[in-house]
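Any read-out appearing in this document is the output of simple, stated calculations on the displayed coordinates, not a laboratory observation. Not measured: the values here are computed from a predicted model. Heads up, the Cβs are rebuilt from the backbone with ideal geometry, glycines too, and the neighbour counts pull from every protein chain shown.
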Amino acid sequence: MIQPAIGFIETNSIAKGIEASDAMMKVANVELIDAYPICPGKYLVFITGPLADVQPSVELGAETAGVTLIDKFIIPNVNQQIVPAILGTSKIDNFEAVGVIETFTVASCIRASDAAAKSAKISLIEIRLAKGLGGKSFVTLCSDDIGAVRSAVNAGCEIIKDDGVLISRVVIPKAHQELKRTLL
């Protein structure tokens, strides 16, 4: 089964970001995952849908944003765990090992998360994107298999290694029960 695409734009103007998100929704059959302001005065827009609809939507969003556009991307066939992890609705009961990838940008975190989820049998717990983080982002992932967590974290970091956006990465082999509780 082909997964839908995910599209993203980031602007340095809240007003232009809102205008761009409206234009993105009107031009194609896409679903708005989320749109919100972040510090310091930036605006993020996430959409999903068929690649043929996401592409013109992101392009129009970028055009509408004009000189306020900071970043944009499209990931075709995005891993099915990405949207629930962004929305904080992932369903995970228990796990042993935990991995974390922390980045300077939203786009790099999503790209790393997608690569990690596609590379190993892990579950994405959460993708936290810049809200209350001063523009930084992170993904938490887990599995009962420490090797899968290591492999996923390595794959996620590998995809963004040349961008200079990786802050830190951590693998915890046997997470404490109280830590697990705070992550779920």
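Count the net charge of all other residues whose Cβ sits under 15 Å from the Cβ of ASP53, scoring Lys and Arg as +1 and Asp and Glu as -1.
-1
Find how much the distance from GLN80 to ILE146 grows on full extension, using 0.36 nm per residue of separation minus their present alpha carbon separation; answer in nm with one decimal.
Full extension from GLN80 to ILE146 adds 21.6 nm.
Would you kindly state how much longer the chain becomes between LYS121 and ASP163 on full extension, computed as 0.36 nm times their sequence separation minus their alpha carbon distance, in nm to one decimal?
Residue separation times 0.36 nm, minus the Cα-Cα distance, leaves 12.6 nm.
Sort THR182, THR103 by Cβ crowding within 10 Å, fewest neighbours at the top.
THR182, THR103
Please go through segment 62-126 and write out the GluC sites (Glu not before Pro) that DSSP classes as loop and that have at most 15 other C-beta atoms within 10 Å.
Passing sites in segment 62-126 are GLU96.
Given Cα pairs under 8 Å that are at least 6 residues apart, what percent is the relative contact order of segment 66-184?
Relative contact order for segment 66-184 comes out at 33 percent.
Express in nm, to one decimal, how much length is gained between GLU63 and GLU31 on full extension, taking 0.36 nm for each residue of separation and deducting their alpha carbon distance.
Between GLU63 and GLU31, full extension yields an extra 9.6 nm.
In the chain, what is the count of Lys pairs whose alpha carbons are under 19 Å apart, counting only pairs at least 8 residues apart or on separate chains?
Total qualifying Lys-Lys pairs in the chain comes to 18.
Mind giving me the nanometre distance, one decimal, between the label points for THR89 and ALA15, set 7 Å out from Cα along Cα→Cβ?
Each label point lies 7 Å from its Cα, and together they span 3.3 nm.
What residue among VAL165, LEU179, PRO50 has its Cα farthest toward the positive end of the dipole of the chain, where the charges are +1 on Lys, Arg and -1 on Asp, Glu, each on the Cβ?
About the Cα centre, the residue reaching furthest to the positive side is LEU179.
Neighbouring Cβ atoms within 10 Å as the yardstick, rank VAL170, VAL149, VAL58, VAL83 fewest first.
So the ranking, lowest neighbour count to highest, is VAL170, VAL83, VAL58, VAL149.
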